[in-house]
């Protein structure tokens, strides 16, 4: 029986690539989404990957949704916490609502996704947790105090979970993508991409979602069992820690 992998925000962008890669590698995949029913239905139709709708910022909704996935597919052994939002503004203009929305999804959402399945992983003696952080959680970014704070916090979650889970066969690691050629990034005006963003990337190009997916696929594999509390920076040499 194949392992069950949950990917939050798994029907679009980087999450979509992760979901597809894990399915290709033999996992039984469940992908969550927050609001775009049409995109989720199209994704399921094209890939055969089941989708589940809930808001990761809501603990009760997450626990209920995770229980539904386990009832349908079996115990969740792999969690990829990918769901994330932005509400960008310079700090002097940032509203409490913009702060709280991003904190709720990007930081608390990781707790809400992992916590309900953590005891099951401990009892079974196996688990894989991968959190999708960001280059901007490593270096900060103008206009993203809220986003950078959550993505830096995600790295703290991973390092702490690694220490708590290691003796129980659980690993927790992070991937920090740089600028990736998702639909959102490619919607940036070409002039801005070519003159402002890509020149900052020594590789001279945007990353591809599939490149992030391959990082995740390695981290959740048996081959990565001794890698725990680590961060893979996939940013084309744009930033080093």
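When the criteria are applied in full, residue 198 meets the requirement of being more than 30 Å from residue 4 (Cβ to Cβ), assigned to a helix (DSSP H, G or I) and modelled with pLDDT of 95 or more. Being in a helix (DSSP H, G or I), within 18 Å of the chain's Cα centre (by Cα) and at pLDDT 95 or above is a description that does not apply to residue 166.
Name the residue that is surrounded by the fewest Cβ atoms within 10 Å (Cβ to Cβ), counting only residues in the stretch 175-211 that are under 30 Å from residue 224 (Cα atoms) and out of contact with any helix residue (DSSP H, G or I) (no Cβ under 9 Å at 6 or more places or on another chain). Among those that are under 30 Å from residue 224 (Cα atoms) and out of contact with any helix residue (DSSP H, G or I) (no Cβ under 9 Å at 6 or more places or on another chain), it is 202. Name the single residue, out of those in the stretch 116-131 being surrounded by fewer than 17 Cβ atoms within 10 Å (Cβ to Cβ), touching a residue at least 12 places away in the same chain (Cβ under 8 Å) and not in a loop (DSSP other than H, G, I, E, B), that is farthest from the chain's Cα centre (by Cα). Within the stretch 116-131, the match that is farthest from the chain's Cα centre (by Cα) is 124.
To keep it simple, each residue is scored yes or no on (1) at pLDDT below 95; (2) part of a loop (DSSP other than H, G, I, E, B); (3) in contact with a strand residue (DSSP E or B) (Cβ under 9 Å, 6 or more places away or on another chain).
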{"residue": "146", "(1), (2), (3)": "no, no, no"}
{"residue": "157", "(1), (2), (3)": "no, no, yes"}
{"residue": "161", "(1), (2), (3)": "no, no, yes"}
{"residue": "174", "(1), (2), (3)": "no, no, yes"}
{"residue": "185", "(1), (2), (3)": "yes, no, no"}
{"residue": "215", "(1), (2), (3)": "no, no, yes"}
{"residue": "223", "(1), (2), (3)": "no, no, no"}
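If you check 82, 106 for being closer than 30 Å to residue 197 by Cβ, surrounded by 24 or more Cβ atoms within 10 Å (Cβ to Cβ) and out of contact with any strand residue (DSSP E or B) (no Cβ under 7 Å at 6 or more places or on another chain), only one passes: 106.
The values are calculated or read from the model by the stated rules, or taken from the named source; none is laboratory data. Because the structure is a prediction, the values reported are computed rather than measured. Neighbour counts are summed over all protein chains in view; Cβ atoms, including those assigned to glycine, are modelled from backbone coordinates with ideal geometry.
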